[in-house]
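The values are calculated or read from the model by the stated rules, or taken from the named source; none is laboratory data. This one's a predicted model, so the numbers in the text were calculated from it and none came from an experiment. Using ideal geometry, Cβ is built from the backbone for each residue, glycine included, and neighbour counts are taken over all protein chains shown. Areas reflect the complete protein model, heavy atoms only, side chains present, ligands, DNA and RNA absent. Shrake-Rupley method; radii C 1.70, N 1.55, O 1.52, S 1.80 Å.
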Amino acid sequence: MKETPLSNCERRFLLRAIEEKKRLDGRQTYDYRSIRVSFGTDYGCCVVELGKTRVLGQVSCELVSPKLNRATEGILFFNLELSQMAAPAFEPGRQSDLLVKLNRLLERCLRNSKCIDTESLCVVAGEKVWQIRVDLHLLNHDGNIIDAASIAAIVALCHFRRPDVSVQGDEVTLYTPEERDPVPLSIHHMPICVSFAFFQQGMYLLVDPNEREERVMDGLLVIAMNKHREICTIQSSGGIMLLKDQVLRCSKIAGVKVAEITELIQKALENDQKVRKEGGKFGFAESIANQRITAFKMEKAPIDTSDVEEKAEEIIAEAEPPPEVVAEPVLWTPGTAQIGEGIENSWGALEDSEKEAEDEGGSDEAVLDDMKMDMAAEVSDIGSQDAPIVLSDSEEEEMIILEPDKNPKKIRTQTISAKQEKAPSKKPAKKRKKKRVVN
């Protein structure tokens, strides 16, 4: 998945804010994000959080054969992985240019600076040496990966303990942690990377850029330095030309930041060692704040209850007294009652449309009644003339007239449809249920 590019509006907004010496997270130009170091239950495992950028560091070791040209030196190996869990733009199983650049910079910063005594990792010259492997996993990406990775690598190396060994002739004995205490690595100094982002062709400078600031920067300068102000490595990328004064100013800023970070790392290591000696709880689970796991757990705050009664009396005095008159029930219809304000019960009342339909229904029934009366009059007239009775159930059909002593004759009679009579006078309206008139 490709990285989502910034829009022109976002780019202009970021550059405008940088020109005004403002940052999205409220930091100043030379401010670092907050750094948090937590250790796992095993030695050599740590998580470093630089703002929202999180890196997991894990150190492991094994006995291997040394290199031919360095028979008395151990082997250091660094590996940084960028997974899709950190950012969807990272592709798994493929080494991108960014990953290759970061791995090379880490090797130059930590291995080429001789921060670890590799000769102390030799067990048997030319036969057995310790291989120290440092695996770094990026858990969340929010900018400045190299700084967080370098801090995680040096913290994991300082926290790591290798098993103790003994050599008797050609026999090498490896002891478990229960038999002998593990041995820490011999570390001379702690090199730490500090990144500087340049904007507008080097006119503006920011320390510790975040992910959005990295997208709009023109160049990046990385300086690896220890607390003794010794530069271990320096790298410039982005294709911008920097002046000598700019590099010197960045080196002075890096010296101050490295001293602060080194002090923070040493305090974190001392606290972890103290907890382990005292037998207290340690590990990643203990380093997580309670509020993040139990959302409903809150810290207890002291409450002053000395003048509660006085405050209650003041509140009661200021409040409006309740009304003394009690509302009497209103009887609208038998069997119902109403207390307080309200409207009359409209249950059973007909709406306007229903009333119109009922009126129209009444007129239709009157028309039908008139037709029935006319038909009855006709039948009575025929009966008076000794004529047979006509039985009809439909509007237009063949009917048989029964006459005494005569052959039956077929007579077609036509009755006037009630619908045809009332069609010109009836207005279009909704059909409603008509009440039957009981005579």
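Details
- Within region 31-46, considering residues that are in a loop (DSSP other than H, G, I, E, B), touching a residue at least 60 places away in the same chain (Cβ under 8 Å) and of a type outside the set (Val, Ile, Thr), the one surrounded by the fewest Cβ atoms within 10 Å (Cβ to Cβ): Asp31
- The sole residue among Glu73, Glu62 that is within 24 Å of Ile187 (Cα to Cα), assigned to a loop (DSSP other than H, G, I, E, B), acidic (Asp, Glu) and touching a residue at least 24 places away in the same chain (Cβ under 8 Å) is Glu73.
- For region 84-111, the set of residues classified as touching a Ser or Thr at 6+ places or on another chain (Cβ under 7 Å) and assigned to a loop (DSSP other than H, G, I, E, B) consists of Phe90, Pro92, listed by residue number.
- Considering region 114-158, and only residues there that are part of a helix (DSSP H, G or I) and of a type in the set (Gly, Ala, Ser), the residue that is nearest to Pro92 (Cα to Cα) turns out to be Ala149.
- Of residues in region 92-112 being in contact (Cβ under 8 Å) with a residue 60 or more places away in the chain and open to solvent by 20 Å² or more (accessible area, probe 1.4 Å), the one nearest to Lys67 (Cα to Cα): Asn112
- Selection of first residues in region 168-181 that are closer than 18 Å to Val124 by Cβ and of second residues that are β-branched (Val, Ile, Thr) and assigned to a strand (DSSP E or B), restricted to Cβ pairs under 8 Å at least 6 apart or on distinct chains, gives the following pairs, ordered by first then second residue: Val172/Val123; Val172/Val124; Val172/Val165; Thr173/Val165; Thr173/Val167; Leu174/Val165; Tyr175/Val165.
Residue-wise test of (1) of a type in the set (D, E, K, R); (2) assigned to a helix (DSSP H, G or I); (3) open to solvent by less than 30 Å² (accessible area, probe 1.4 Å); (4) modelled with pLDDT of 90 or more.
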residue: Met1; (1), (2), (3), (4): no, no, no, no
residue: Thr4; (1), (2), (3), (4): no, no, no, no
residue: Glu10; (1), (2), (3), (4): yes, yes, no, yes
residue: Lys21; (1), (2), (3), (4): yes, no, no, no
residue: Leu24; (1), (2), (3), (4): no, no, no, no
residue: Val48; (1), (2), (3), (4): no, no, yes, yes
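- Candidate set from region 288-304 (those that are modelled with pLDDT of 65 or more and within 31 Å of the chain's Cα centre (by Cα)); member that is most open to solvent (accessible area, probe 1.4 Å): Lys300
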